[in-house]
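To start, the structure under review is shown below, and the notes come after it.
A short reminder: the numbers here are calculations on the coordinates, not readings from a lab. As the structure is a computational prediction, the values presented were derived from the model and not from experiment. Cβ coordinates were reconstructed from backbone atoms using ideal geometry, including for glycine residues, and neighbour counts include every protein chain displayed.
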Amino acid sequence: MNPTDRLHIVKGSITRMATEAVVNAANNQLRAGSGVCGAIHSAAGPQLAIECNAIGWCDTGKSVITDAYNLPCKKVIHTVGPDLRPWAAAKLTDSPERLLASCYDTAIDLAKANSLKSIAFPCISTGVYMYPKAEAARIAYDTIMKRLTSDYDGEVTVCCFTDEDIESYRQLTD
Ligand code: ADP
């Protein structure tokens, strides 16, 4: 199948995705929070927080993998997007664009390393972390397409939660 046919843009909740892996928009401490993170932790059940606590930390732009517990997927890949809230953005160690691209890259690296043939991403950093949606969609789309055309032969789903998210991707794929 050609690469563009292996990218799917859908609307819905990440907790409903039956892909082999789903990606969590996590924080550095890997704690349950609001948005995607809160939804994933409450759908997965309390064992997910226990496993995340044992890992303890994930750097911004990096990813870690855990079991999925009560979620329909097999594994959860937790990635930490750049936080663009003013007090946090000043502490970033690289450009927001490179850090956001690295979230998609490191998550796909883990999917590959664990032989996971399908992965669903939420729109990382575009909620609480305030990354402008259109710009984040362009970075996500470019990074995912680069991997689909080079070394990842699985399927990638971008799970949009709002009409604004869907619109950002529609403008890129039309
Ligand atoms: P971040 O802290 O990385 O910004 P958020 O969870 O606050 O992460 O938001 C990231 C994106 O995920 C936002 O565009 C938000 O609308 C969307 N979102 C919120 N809840 C869900 C969900 N259950 N499934 C998929 N996307 C969601």
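With contacts defined as alpha carbon pairs under 8 Å and 6 or more residues apart, what's the relative contact order of segment 67-131 in percent?
Across segment 67-131, relative contact order equals 40 percent.
At 0.36 nm per residue, and after removing the present C-alpha to C-alpha distance, how many nm does the segment from Asn28 to Thr149 gain when stretched out fully?
Between Asn28 and Thr149, full extension yields 40.5 nm more.
Just from the alpha-carbon atoms, what are the Rg and Dmax of segment 72-136 in angstroms?
That works out to 12.9, 38 Å for Rg and Dmax.
Could you give the nm distance between label points at Ser95 and Glu167, where each point is 7 Å from its Cα heading toward the beta carbon?
The modelled label-to-label distance comes out at 2.7 nm.
Scale the Cα Rg of segment 53-174 by the rule-of-thumb value 2.2 N^0.38 Å and send over the ratio, two decimals.
That works out to 1.04 for segment 53-174.
Quick one: putting +1 on the C-beta of Lys and Arg, -1 on the C-beta of Asp and Glu, what dipole do you get for the chain around its Cα centre, in Debye to the nearest 20?
Value, rounded to 20: 260 debye.
Within 10 Å, count the other beta carbons around each residue, average over each peptide in 43-52, 82-91, and list them highest first.
By packing density, highest mean first, the sequence is 43-52, 82-91.
Of Cys160, Cys37, Ala18, which is farthest along the charge dipole of the chain in the positive direction, counting Lys and Arg as +1 and Asp and Glu as -1 at C-beta?
The one lying farthest along the dipole's positive direction is Cys37.
I need the helices of the chain that pass two filters: whole DSSP H segments spanning 24 Å or more by Cα along the axis, and mean Kyte-Doolittle score no lower than -1.0.
Membrane-span-like by this criterion, though nothing is claimed about a membrane: 96-113, 133-150.
Per-residue counts of other Cβ atoms within 10 Å, averaged by peptide: what ranking do you get for 111-124, 137-150, highest first?
The packing order, highest mean first, is 111-124, 137-150.
Using the Karplus curve 6.51 cos²θ - 1.76 cosθ + 1.60 with θ = phi - 60°, what ³J(HN,Hα) values do you get for each residue of segment 18-26, in whole Hz, with x for Gly and Pro?
Karplus values, whole Hz, x for Gly and Pro: 9, 5, 5, 10, 10, 9, 9, 7, 8.
Using a Gaussian network model of the chain whose springs link C-alpha atoms within less than 10 Å, name the residue from Ser63, Ser13, Ser125 with the highest mean-square fluctuation.
In this elastic network of the chain, the residue with the biggest mean-square fluctuation among Ser63, Ser13, Ser125 is Ser13.
In whole Å, how far is the Cα centre of segment 16-64 from that of segment 81-132?
Cα centres, segment 16-64 to segment 81-132: 13 Å.
Evaluate Rg over Rh across segment 48-105, taking Cα atoms for both radii and Kirkwood's formula for Rh.
Rg divided by Rh gives 1.05.
Which semi-axis lengths, in whole Å and largest first, follow from the square roots of five times the eigenvalues of the Cα gyration tensor of segment 1-128?
One finds semi-axes of 21, 19, 13 Å for segment 1-128.
Compute the distance in nm between two label points, each set 7 Å from the Cα along the Cα-to-Cβ direction, one at Thr4 and one at Asn70.
So the two model labels end up 4.2 nm from each other.
Provide the gained length on full extension for the span Asn114 to Arg85, in nm with one decimal, where the gain is 0.36 nm per separating residue minus the Cα-Cα distance.
Length difference between fully extended and current span is 7.1 nm.
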